[in-house]
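A short write-up of the structure that comes next.
The values are calculated or read from the model by the stated rules, or taken from the named source; none is laboratory data. This structure is a prediction, so every number in the text was calculated from the model and none was measured. In this analysis, Cβ positions are derived from the backbone assuming ideal geometry, glycine residues included, and neighbour counts consider all displayed protein chains. Calculation scope for accessible area: heavy atoms of the full protein, side chains included, ligands and nucleic acids excluded. Shrake-Rupley method; radii C 1.70, N 1.55, O 1.52, S 1.80 Å.
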Amino acid sequence: MPNLPRLKEYGFKEQDGGLIYQTAILNDDFQVQILIKDNRLTGRLIDSDTMDEYTNFRLDSGANGYSHKVKEAYLALLSDIVSKGFDQRYFRSPQANRLVDWLSEKKDAYLDFPFTGPSQEVGVFRERQTNKWFAFIMPLDQGKLGKESKLVDIIDFKTDRLDELLTDSRFFPAYHMNKKKWITAVLDDSLSDVELIDLLEEGLGLVRPGL
C-alpha cells in the first residue's frame, strides 16, 4: 500500500486526487511520469527529444538493445519507488505476503498489478525478460472451490505436474486459467512456504526465455 508521507519525502506531489512524480533517466534522454491514484501505480516514459510517449520498451523481450536498456532503467526506478514509498503488504494473508517477500529477492521476476476496477487486487508474478505470467495471487470466496464460504487469498501458477498435484486435496483445478497448464491453491498455510516456493521456481522456469 502507498505510504503517503514516505512518497512525499521521495518527491511525489499531490495532483487531481492522486500523487505524481516526475524525473529523468538515462542522461535525460527520457522523462518519467509516475502516477499513484486509488492505490494503483501507473507510469509513462516521454522521449525528451520528441516529447512523444515512448512505448517500445514494453514490447521488448530480448536481453540486448536500446529498448531493453530503457526498460531496465524504468523498472529499476519503479522498484526503488515501491521499496521506499510503499508498505510492503500487498495481500490479506500473511502467506501471500511472504511469497511476495521471496519474489522481491528474485532478479529475474517481479510483481505487477496490471488491472483496474474490481480486479485491481490481482497481483501477477512475471518473468522479467519475457513479462510472461507464471503465477498470480487474488482474493476469492473459497466457496467457489467447493470449500466453506470465506474470503481468502488464492494463488494460481503454471505447472507441468498437473496430474500429480491434483491427487493432493490441497490443490484445485485452475481458477480463471487454462486448466491444462495452471493449478490453484489456497494461501492458508495448508501448503508450506517451502512447498509453494519450489512450485513457483518450477513455474518460473517454464516461462524463461528460450523455453
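When you look at ASP189, is it assigned to a helix (DSSP H, G or I) and charged (D, E, K, R), yes or no?
Details: assigned to a helix (DSSP H, G or I): no; charged (D, E, K, R): yes.
Spelling it out, it is not the case that ASP189 is assigned to a helix (DSSP H, G or I) and charged (D, E, K, R).
Take the residues of the stretch 142-163 that are open to solvent by 20 Å² or more (accessible area, probe 1.4 Å) and assigned to a loop (DSSP other than H, G, I, E, B): which is nearest to GLY203 (Cα to Cα)?
In this case the residue turns out to be ASP160.
Given the options PRO173, PRO209, name the one that is out of contact with any strand residue (DSSP E or B) (no Cβ under 6 Å at 6 or more places or on another chain) and free of Cβ contacts under 8 Å to residues at least 24 places away in the same chain. It would help to see each step written out before you state the result.
Working: PRO209 fails: free of Cβ contacts under 8 Å to residues at least 24 places away in the same chain.
Of PRO173, PRO209, the one residue that is out of contact with any strand residue (DSSP E or B) (no Cβ under 6 Å at 6 or more places or on another chain) and free of Cβ contacts under 8 Å to residues at least 24 places away in the same chain is PRO173.
Looking only at the stretch 94-102, decide whether some residue is more than 30 Å from VAL152 (Cα to Cα), out of contact with any His (no Cβ under 6 Å at 6 or more places or on another chain) and free of Cβ contacts under 8 Å to residues at least 40 places away in the same chain.
Scanning the stretch 94-102 turns up no residue that is more than 30 Å from VAL152 (Cα to Cα), out of contact with any His (no Cβ under 6 Å at 6 or more places or on another chain) and free of Cβ contacts under 8 Å to residues at least 40 places away in the same chain.
Kindly list the number of the only condition in (1) of a type in the set (A, V, I, L, M, F, W, C); (2) in contact (Cβ under 8 Å) with a residue 40 or more places away in the chain; (3) under 21 Å from SER104 (Cβ atoms) that fails for VAL152.
Just one mismatch for VAL152, condition (3).
Let's see how each residue does on (1) more than 26 Å from GLU202 (Cβ to Cβ); (2) among the small types (Gly, Ala, Ser):
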position: LEU26; (1), (2): yes, no
position: GLN33; (1), (2): yes, no
position: MET51; (1), (2): yes, no
position: ALA73; (1), (2): yes, yes
position: ARG92; (1), (2): no, no
position: ALA109; (1), (2): no, yes
position: ASP112; (1), (2): no, no
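With the condition being among the aromatic types (Phe, Trp, Tyr) and touching a residue at least 40 places away in the same chain (Cβ under 8 Å), I'd like the strands (runs of 3 or more DSSP E) fully within the stretch 1-84 carrying at least 1 qualifying residues.
On the way: elements: 13-15, 18-25, 30-37, 40-47.
Correct list: 18-25, 30-37.
Specify which of the listed residues (PRO118, PRO139) is under 21 Å from ASN39 (Cβ atoms), touching a residue at least 40 places away in the same chain (Cβ under 8 Å) and either buried (at least 17 other Cβ atoms within 10 Å of the Cβ) or over 13 Å from the mean Cα position of the chain (by Cα) (or both). Break it down stepwise before answering.
Working: PRO118 fails: touching a residue at least 40 places away in the same chain (Cβ under 8 Å).
The match here is PRO139.
Being modelled with pLDDT of 90 or more and assigned to a helix (DSSP H, G or I) is the filter here; which residues of the stretch 101-122 pass it?
TRP102, LEU103
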